Amino acid sequence: MKKITTLFKNGIAAMMFMAVIPVSAQIVAPQPSSPIGAPADLDVGTITNNTGTVTTVDDAVLFYNPATNGPSLTLTASLDDGSGNTFTSYEWYNITTDGTDETENIITGESVQSLVRTALPPGYHKFRVYGLVDDGSVICQSDDFEDIIVFVLSPLTVATTFADNGTTGLAYCSTDVPENPIALSVDGVTADYSDNANGYANPAGSDFEVSYEWFAVKDGETGSPINLATTTDSYDVILTDPGTYTFYVEVEYAVKDKDARDYVTYTSTVQNGGSDLEIVVSPTPGAPAITIGAVTD
């Protein structure tokens with residue numbers, strides 16, 4: 001059975017019980033590991049008494065929806081401690097850190113089994129719960145507690161670049177694809193956690209495994225992009241159909257299946273000096289026809 005701390009139900013004790021007195025302790029988790037391609041790599045899930053390892057919970061990885069200023073979630077504590085003690089109320093805390101120690105910050109007004117949080121900013125969030133038992137004469141608060149660590153994925157900013165390899169510039173004939181093709185590439189993937197004040201060190205955008213999908217838009221036909229069937233962070237332009245092309249890449253996190261969420265596909269159009277990069281594939285003319293004109297024998 002968990003160890004129980006006794007607290008007498010009188011006015012003074014109740015005031016002490018409800019006081020907001022942050023308690024500091026050494027950081028144990030989260031400790032992400034790179035490259036991040038699965039929830040376990042983010043070290044998200046549950047941990048008891050902030051000791052040992054985190055039990056991974058896949059649903060603890062959340063997408064950020066700009067339309068709602070972040071995701072919402074409901075955390076539900078158990079009805080009992082598994083040893084015959086049924087909880088009558090709870091204490092919930094948000095855990096923050098200064099980089100060395102963690103601090104318990106009581107969430108006032110939250111004493112029921114479920115805690116609802118909304119508009120969570122990108123980055124780590126750590127919540128703690130204690131259970132209380134009121135038998136009518138004393139309130140007993142658990143010495144033990146459970147934490148849950150969740151992570152909100154930041155919208156990604158994708159930077160792209162190109163190189164023409166000093167050959168034919170940004171135009172070539174349809175039957176004369178450059179031996180060293182014009183190369184498009186992702187220059188960097190960054191994540192923004194500036195709205196998160198919890199203090200935990202969040203992983204860089206480059207720490208995540210992501211997927212890539214390249215597209216070309218011919219002659220401004222944005223409604224019918226051409227899938228270039230390239231899933232790496234670069235693409236060598238080998239198009240032969242005459243036209244003027246622009247290019248963009250779509251990037252998605254690998255750590256969480258996006259399902260039908262369009263807002264978690266992050267797009268970057270390849271730029272050239274502040275405008276969309278354009279590559280012109282000019283038609284190769286056919287042979288001229290010969291006819292006989294005036295003849296003098």
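The values are calculated or read from the model by the stated rules, or taken from the named source; none is laboratory data. Quantities reported herein were computed from a predicted structural model and do not represent experimental measurements. Virtual Cβ from ideal backbone geometry, glycine too; neighbours counted across all protein chains shown. Accessible surface is based on the protein model in full, side chains and every heavy atom, while ligands, DNA and RNA are left aside. Shrake-Rupley method; radii C 1.70, N 1.55, O 1.52, S 1.80 Å.
Please indicate, with yes or no, whether at least one residue in segment 102-115 is at pLDDT below 95, among the aliphatic types (A, V, I, L, M), under 22 Å from N49 (Cβ atoms) and open to solvent by 20 Å² or more (accessible area, probe 1.4 Å). Within segment 102-115, none of the residues are at pLDDT below 95, among the aliphatic types (A, V, I, L, M), under 22 Å from N49 (Cβ atoms) and open to solvent by 20 Å² or more (accessible area, probe 1.4 Å). Kindly indicate the residue of segment 271-280 that is under 16 Å from G243 (Cβ atoms) and either outside any strand (DSSP E or B) or not β-branched (V, I, T) (or both) and also least open to solvent (accessible area, probe 1.4 Å) among those meeting that condition. Among them, the one singled out is L277.
With respect to the conditions (1) within 25 Å of E252 (Cβ to Cβ); (2) free of Cβ contacts under 8 Å to residues at least 24 places away in the same chain, A191 lacks only one, and its number is (2).
When you look at D81, is it among the acidic types (D, E), modelled with pLDDT under 95 and over 13 Å from the mean Cα position of the chain (by Cα), yes or no? When the stated conditions are applied, D81 passes them. Considered as a group, the residues in segment 33-80 that are part of a loop (DSSP other than H, G, I, E, B) and hydroxyl-bearing (S, T, Y) include one that is least open to solvent (accessible area, probe 1.4 Å), and that residue is Y64.
Does F162 qualify as being in contact (Cβ under 8 Å) with a residue 12 or more places away in the chain, surrounded by 12 or more Cβ atoms within 10 Å (Cβ to Cβ) and over 30 Å from L42 (Cα atoms)? For F162, the condition - in contact (Cβ under 8 Å) with a residue 12 or more places away in the chain, surrounded by 12 or more Cβ atoms within 10 Å (Cβ to Cβ) and over 30 Å from L42 (Cα atoms) - is met. Return the residues of segment 89-131 that are of a type in the set (V, I, T), in contact (Cβ under 8 Å) with a residue 60 or more places away in the chain, under 28 Å from N65 (Cβ atoms) and not in a strand (DSSP E or B); say none if nothing qualifies. Across segment 89-131, the qualifying residue is only T108.
Against the list (1) modelled with pLDDT of 95 or more; (2) closer than 20 Å to L228 by Cβ, the condition E179 fails is (1).
For A29, state whether it is open to solvent by less than 40 Å² (accessible area, probe 1.4 Å), within 26 Å of T108 (Cβ to Cβ), modelled with pLDDT of 95 or more and of a type in the set (A, V, I, L, M, F, W, C).
Taking the combined requirement at face value, the residue does not satisfy it.
Looking across segment 166-212 at every residue that is within 17 Å of T232 (Cα to Cα) and in a loop (DSSP other than H, G, I, E, B), the one that is most open to solvent (accessible area, probe 1.4 Å) is identified as E209. Residues that are open to solvent by 40 Å² or more (accessible area, probe 1.4 Å) and over 26 Å from the mean Cα position of the chain (by Cα) were ranked within segment 116-138; the one that is farthest from L75 (Cα to Cα) is S137. Of the residues in segment 118-128, at least one is β-branched (V, I, T) and within 17 Å of W92 (Cβ to Cβ). Picking from residues in segment 213-236 that are exposed (fewer than 13 other Cβ atoms within 10 Å of the Cβ) and of a type in the set (D, E), the one that is nearest to A171 (Cα to Cα) is D219. If you go through segment 281-297 and keep only what is hydroxyl-bearing (S, T, Y) and loosely packed, with under 10 Cβ neighbours inside 10 Å, you end up with T291, T296.
Of the candidates E213, E146, E209, E221, the single residue that is out of contact with any strand residue (DSSP E or B) (no Cβ under 7 Å at 6 or more places or on another chain), under 30 Å from V264 (Cβ atoms) and either small (G, A, S) or modelled with pLDDT of 95 or more (or both) is E221. Out of segment 253-270, which residues are crowded, with 17+ Cβ neighbours inside 10 Å and part of a strand (DSSP E or B)? Within segment 253-270, Y253, Y266, S268 qualify. Among the residues of segment 221-240, those that are in contact (Cβ under 8 Å) with a residue 24 or more places away in the chain and either among the hydrophobic types (A, V, I, L, M, F, W, C) or part of a loop (DSSP other than H, G, I, E, B) (or both) comprise D233, V237, I238, L239, T240.
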